[in-house]
Each structure stands twice: as C-alpha cells, then as structure tokens.
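The values are calculated or read from the model by the stated rules, or taken from the named source; none is laboratory data. The model shown is predicted, which means the values in this text are computed figures rather than measured ones. When we count neighbours, we look across all protein chains shown, and the Cβ atoms used for this are built from the backbone with ideal geometry, even at glycine.
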Amino acid sequence: MDLDGIVGDAVKYPFTDWKKILVLGILTMISSIGAAMVFIGSLIGIKNVLVTIVLFVVGYVVIGFFVSGYNFRIIKTSINGAQELPEFKSWVEMFIDGIKVSLVFIFYSLPAILIVIFAGISLYPMLHGLTTDPSSVNIYTILTVISAAILVFIAVLYIIIILPLNYMAIAYMADNDSKFSFAFKFREILDKIGSIGWGNLIIWYLVIGTIYILISIVGSIVTGIFSILTPFVGIILTSLIISPYLHMFLNRSIAMVYSSE
C-alpha cells in the first residue's frame, strides 16, 4: 500500500473542480440548516411542530441523501479509475444511492444506536425526577449517570472501531454496480480487507483520521476568526468549502485504499 500516494492524491483530489466543491457545499449547507431547524424553530418562535418537522425532513434527511449519494459516487468513480470529481447528474440515482449508504451506516452502527437508546431510557426516570425535585440527588442518581456515561463511551468506541469495516462495505457495494446486498457480504468483504492487509487498513484509518481531524480543527479556527467579525461568513465558509472538502478527501481515500493491494 502506497500510503503517501493515497494521502497526497486525496488531499489534491477536491481541487480538480472548485465548482463541484461549491455545489456539494450548497447541498451540505441546506442539510446543516435542516438539522438545526428544531433548535432554530424554538428560537424564532415556530409554534407549528409540523412545519418544523417538514423543514427538518426536507433539509436534513432529503438533501442529506443527495450528499451521501454524491460521496458514494466519488468512491465508485474513483474505484473505476476516474481522476476528477464526478458530475452532478442522474439525481434520482444519486438520491437512491444516498439512501443505500445511510442504511448501511445504520446497520453497522445498530449496536451503538441500541446502546445509546438503552442509556437514554435508563436516564429518563432519573431526569424526570430531578425536574420535579432537584434535591432528590442520591447515590442511585450518581450511579445511573455514571452507568449511562460508560454505555455512551462504549457506543462511541464501537463506532470508532467499526468505521473501517463500514467504509470497506460501502466501497465493496460501489465496486459491484451499487448493489445493496453486496454491503452485507461479510465473508467477501473480509477477504477483500485481507488482500489489502488489516495492518495497512488500520494504518490508513489512523493517518486519514488524524489528517481529517487536523483539517477540521484548522477549519474551526478559521471559521471562528471570521465568526467574530461576521457569524454568517464563518457558517458559509464551513458549509461551502471546509465540509465538502472533507467529504471529498475522505471518500477519495476510501476508494484508493480499497483499490490498493
């Protein structure tokens, strides 16, 4: 595995077409606004819950599927040897691919999701009691909070560990004509990882993850500087440039490590 080549290629890849960065950025921004609609609605006084839900679904869920679908297209075209960003076309296909990718992520993340739900359920009676009687804190309350925190930590740890397998499952689906069932052919996916090398995959994951985090931190610092002057400029900068760049960088690197043996 040529890790230097993978990293160098992934870093440069998004700059093959600035217009496509901006298009993906616009989709990402709409999706981000949709995700924040419940909070925004409460701030500006939207009383109609249905309106808030519709804005959330259209903004975050629907547009989010297009974002996921385009990220999947990056993986697919890169595996097929493309050196430039894919076109924004065949939107229905991109939307369907986004749904497939989201379902794959949910499936592989299901244990973590169930753990977090269980932690939330265990906390609910205690939180409800505290709202009615704030002085009711006791050893049982403390132990419940600690137990829930441990469960959440386990869920986060599981997600961190399962992500490389999740990425390879999505890449394997992309490599097999986007057929949904191929994301769950565990033996074949494990054989593919074996041909790449588990050690190589882990090293790639750690290096790419570190670079991803560093870019995110630098982006946050730049965004913070601009936000001091004009908050909206910082938000737009993050959505239009930083977030789409990170999407493109990550998914290009997924395709490159998948194709390496």
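State whether the residues of the range 14-23 include one that is modelled with pLDDT of 90 or more, buried (at least 17 other Cβ atoms within 10 Å of the Cβ) and closer than 26 Å to LEU165 by Cα. Yes, there is a match, as at least one residue in the range 14-23 is modelled with pLDDT of 90 or more, buried (at least 17 other Cβ atoms within 10 Å of the Cβ) and closer than 26 Å to LEU165 by Cα. Just one of (1) touching an Asp or Glu at 6+ places or on another chain (Cβ under 8 Å); (2) not in a helix (DSSP H, G or I); (3) not acidic (Asp, Glu) fails for PHE182. It is (2).
Annotation: ALA35 fulfils all but one of (1) small (Gly, Ala, Ser); (2) closer than 20 Å to SER239 by Cβ; (3) modelled with pLDDT of 85 or more; the unmet one is (3). Does the range 101-113 contain at least one residue that is within 21 Å of the chain's Cα centre (by Cα), farther than 24 Å from ILE162 by Cα and at pLDDT 90 or above? The answer is no; no qualifying residue exists.
Scanning the range 78-114 for residues that are over 17 Å from ALA174 (Cα atoms) and surrounded by 19 or more Cβ atoms within 10 Å (Cβ to Cβ) turns up just one, ALA112.
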